[in-house]
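*Asks:* Questions regarding the structure given below will be posed in turn.
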Amino acid sequence: MMVDNSGTQALFDLWKKQIEEGTQAWTRLVGQTAQAGQGQAPDPLQFWRPFMDAGIAGWTKLLTQGPPTPELLTQWKQFLDQWITAWGKVLEQAMGTEAFAQALGKYLDQWLSIQAPVKKIAEESTEATLQALGMPSRNQVVGIARQMVDLEDRIEGLEDRLGALLARMDDLFKSLADHEAAAARRAAERVAQ
Amino acid sequence: MEAQVIAQWQEEMNRNLRRMMNFAELMNQKEPLVGQSPRQEIYRKGKARLYRYESTRRYRTPVLFVPNLGISRPYVFDLLPGGSFVEHMTREGFDFYLLDWGVFGPEDNSLTLEDCVVRILPRMARKVLEGSKADEVTLLGYCMGGPLSACFIATHPEIPVKNFINMAGPIDFSKAGHFALWLNPKYFDADKFVDTLGQIPAEMVKAGFKLLKPTMDLSTGLNLWWNLWNDSYLTGFRALNKWANEYVAFPGEFFRQWVKEFYQQNRMLRGELRLGGKAVRLRDIRCPVFVVGAKEDYIAPASCVKALIDAVGSTDKGYVELPGGHISLIAGRTAAVHCWPKVSGWLGPRS
């Protein structure tokens, strides 16, 4: 009996295309890293070999079995999972290089240099608008919030001192009561004698 | 054979139908309910809140849970009934307290790491001791809460800490993975960052974490589509997705100290850190210590977390490395099987 595997074959072709494109993109990435002056180039087989081995085994099974079953979809999901994992590893290695850290730092530095004057202008304009409307500025509100935090700290400090004072007074009263009880006992003993 | 294949395809079509229905539900439904374990706020200081959870108390020593500050909300530890670390601990009989650092605004920019260790944590620990009428407390630090707790224990010998558990808390920052590299002073100017922005906005925190795992959203989307027919998966996804998209800003001065003294200079492990005028010496931690690292943790790699074991002066100390990542170590199905019983099992006899 002839088995119609045209759908499976189409999926296989798509999978193969993804692998080829992935490998090409990966090679470009490695090329860029090498150009940025990185020493040891990462080994492509480290990422793609397990993925490809698992893929070939899965496809061989699917292409040789009978009519396609929903297992085909499970296989496809596994391929995508492995594809994402492989790409995750590629990106992880690329982002774990000094070159990437340097590029990221440079980008952030430039972004902050642009951000600083923009932020200053925005703040000044908001401040001026609020002042014109007779409303408290953001800085004033933040200042009040900070004062409240300071006040809370002071109240807590006072609470602590009061607590310590009360504890000390309790101890004093207790020792006074013990002292009085002992004195009363001694007096009673003297009377009894 | 053919009938079996047809039945399989029918089952697949039913799943697709459910996928479509659940997708429509996912788009229309309101916010999922999270953090449902009954609790009571027993103290507040600034933005920080201390919550005590209801429990049938079996152990004398209460547990103060110190999570990360900024980045994310702590309801991930009490995500859903049946999938909650808090629920597990209270069911096991621990008098459980959670410190919620809060959501920070520009008014909190002057809050430093030193404030957290010297002003907030000692007060929270005292409130726990008062609330539970106990003589000693267990500190359980997660993520950034690990080093914060370690600094607090090392500098406050007057607070009786019975046990210390560090879950995925970075200790040796020379092994802190990609973040350690990206925050290297050669490339990252923490002063310029804080001086320009004031606070580190939630969107920036989000961008940093997304960059750490750029394929995460892709695999999350793929897994969602694949499991969309499954109602219980969807319930978990909605709760976790709400949490995963709710980032919290960092107070500027806290970020400055965290990046410079911890990531860039590794001062805590080197014994060069001073907080509140006191030297932080991890060797001064002598209580029983339990450290939990996650095998696939890319935020606080296991080797970076494990360093606490060699740094403390304790004689009773243990380390386990469990499957999962930084979050799945403590939240989710894997955590319920691998992590929570290990933590409660270690802590029970010592409480």
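*Asks:* Could you grab me the full set of residues in region B:175-191 that are more than 10 Å from chain A (Cβ to nearest Cβ) and either in contact with a strand residue (DSSP E or B) (Cβ under 8 Å, 6 or more places away or on another chain) or closer than 16 Å to A:GLN93 by Cα (or both)?
*Replies:* Pass one, region B:175-191, residues more than 10 Å from chain A (Cβ to nearest Cβ): B:175-176, B:179, B:190-191.
Answer for region B:175-191, where residues must be more than 10 Å from chain A (Cβ to nearest Cβ) and either in contact with a strand residue (DSSP E or B) (Cβ under 8 Å, 6 or more places away or on another chain) or closer than 16 Å to A:GLN93 by Cα (or both): B:LYS175, B:ALA176, B:PHE179.
*Asks:* Here's a follow-up. Does at least one position in region B:95-115 carry a residue that is of a type in the set (Val, Ile, Thr) and away from chain A (no Cβ under 12 Å)?
*Replies:* Applying the first criterion (of a type in the set (Val, Ile, Thr)) to region B:95-115 yields B:103, B:112.
Filter again for away from chain A (no Cβ under 12 Å), leaving B:103, B:112.
Yes; the residues of region B:95-115 include at least one that is of a type in the set (Val, Ile, Thr) and away from chain A (no Cβ under 12 Å).
*Asks:* Kindly establish whether A:ALA187 is over 25 Å from B:ASN109 (Cα atoms) and either surrounded by 14 or more Cβ atoms within 10 Å (Cβ to Cβ) or more than 28 Å from the chain's Cα centre (by Cα) (or both).
*Replies:* yes
*Asks:* Might you let me know whether region B:168-177 holds any residue that is touching a Phe, Trp or Tyr at 6+ places or on another chain (Cβ under 7 Å), hydrophobic (A, V, I, L, M, F, W, C), on the phi > 0 side of the Ramachandran plot and crowded, with 18+ Cβ neighbours inside 10 Å?
*Replies:* So the first thing to find is which residues in region B:168-177 are touching a Phe, Trp or Tyr at 6+ places or on another chain (Cβ under 7 Å), and the list is B:168-169, B:173, B:176-177.
Filter once more, so that each one left must be hydrophobic (A, V, I, L, M, F, W, C): B:168, B:173, B:176.
Going one step further and asking which of them are on the phi > 0 side of the Ramachandran plot, we end up with B:168.
Subset that is crowded, with 18+ Cβ neighbours inside 10 Å: B:168.
Yes, the conditions are met somewhere in region B:168-177.
*Asks:* Same structure, new question: Name the residues in region B:164-178 that are under 14 Å from B:GLU261 (Cβ atoms) and outside any loop (DSSP other than H, G, I, E, B), would you?
*Replies:* Result: B:PHE173, B:SER174.
*Asks:* State all residues of region B:292-347 that are within 20 Å of B:HIS88 (Cβ to Cβ), free of Cβ contacts under 8 Å to residues at least 40 places away in the same chain and in contact with a Leu (Cβ under 9 Å, 6 or more places away or on another chain); if no residue qualifies, say none.
*Replies:* The answer is B:LEU322, B:PRO323, B:THR334, B:HIS338.
*Asks:* Has region B:226-241 got at least one residue that is within 21 Å of B:ASP195 (Cβ to Cβ), surrounded by fewer than 19 Cβ atoms within 10 Å (Cβ to Cβ) and of a type in the set (D, E, K, R)? Before you say what the answer is, go through the steps one by one.
*Replies:* Initially, region B:226-241 is screened for residues within 21 Å of B:ASP195 (Cβ to Cβ), giving none.
No, every residue in region B:226-241 fails to be within 21 Å of B:ASP195 (Cβ to Cβ), surrounded by fewer than 19 Cβ atoms within 10 Å (Cβ to Cβ) and of a type in the set (D, E, K, R).
*Asks:* Go through region A:129-173 residue by residue and tally those that are over 23 Å from B:ARG126 (Cα atoms) and within 35 Å of the chain's Cα centre (by Cα).
*Replies:* So the count comes out to 11.
*Asks:* A further question on this structure: State the number of residues belonging to region B:118-136 that are away from chain A (no Cβ under 13 Å) and either crowded, with 23+ Cβ neighbours inside 10 Å or in contact with a His (Cβ under 8 Å, 6 or more places away or on another chain) (or both).
*Replies:* The total comes to 3.
Quick grid of which residues meet (1) facing chain A (nearest Cβ under 10 Å); (2) among the polar types (S, T, N, Q); (3) touching an Asp or Glu at 6+ places or on another chain (Cβ under 8 Å); (4) within 24 Å of B:PHE250 (Cβ to Cβ):
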residue	(1), (2), (3), (4)
B:PHE193	yes, no, no, yes
B:LEU197	yes, no, no, yes
B:GLU203	no, no, no, yes
B:LEU211	yes, no, no, yes
B:ASN223	yes, yes, no, no
B:ASN230	no, yes, no, no
B:LEU234	no, no, yes, no
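*Asks:* Of everything in region B:20-35, what is surrounded by fewer than 16 Cβ atoms within 10 Å (Cβ to Cβ) and under 26 Å from B:PHE250 (Cα atoms)? Give them in sequence order.
*Replies:* B:GLU31, B:LEU33
*Asks:* Now, a different point. Select from region A:119-146 the residues that are at the interface with another protein chain (Cβ under 10 Å from one of its Cβ atoms) and not charged (D, E, K, R) and write down the one among them that is surrounded by the most Cβ atoms within 10 Å (Cβ to Cβ).
*Replies:* Checking each candidate, the answer is A:VAL142.
*Asks:* Take region B:328-340 and flag every residue that is in contact with a helix residue (DSSP H, G or I) (Cβ under 7 Å, 6 or more places away or on another chain) and not in a helix (DSSP H, G or I).
*Replies:* B:SER328, B:LEU329, B:ILE330, B:ALA331
*Asks:* Can you tell which of A:GLU180, A:GLU156 is without any contact (Cβ under 8 Å) to a residue 60 or more places away in the chain, surrounded by 10 or more Cβ atoms within 10 Å (Cβ to Cβ), in contact with a helix residue (DSSP H, G or I) (Cβ under 9 Å, 6 or more places away or on another chain) and part of a helix (DSSP H, G or I)? It would help to see each step written out before you state the result.
*Replies:* Values: A:GLU180 fails: in contact with a helix residue (DSSP H, G or I) (Cβ under 9 Å, 6 or more places away or on another chain).
Exactly one residue qualifies, and that residue is A:GLU156.
*Asks:* Could I ask something else about it? How many residues does region A:92-118 hold that are at the interface with another protein chain (Cβ under 9 Å from one of its Cβ atoms), among the hydrophobic types (A, V, I, L, M, F, W, C) and crowded, with 16+ Cβ neighbours inside 10 Å?
*Replies:* Qualifying residue count, region A:92-118: 6.
Read-outs: derived from the displayed coordinates by stated rules, not from any lab. Predicted model, so just to flag it, every value in this text is computed and none were measured. Cβ coordinates were reconstructed from backbone atoms using ideal geometry, including for glycine residues, and neighbour counts include every protein chain displayed.
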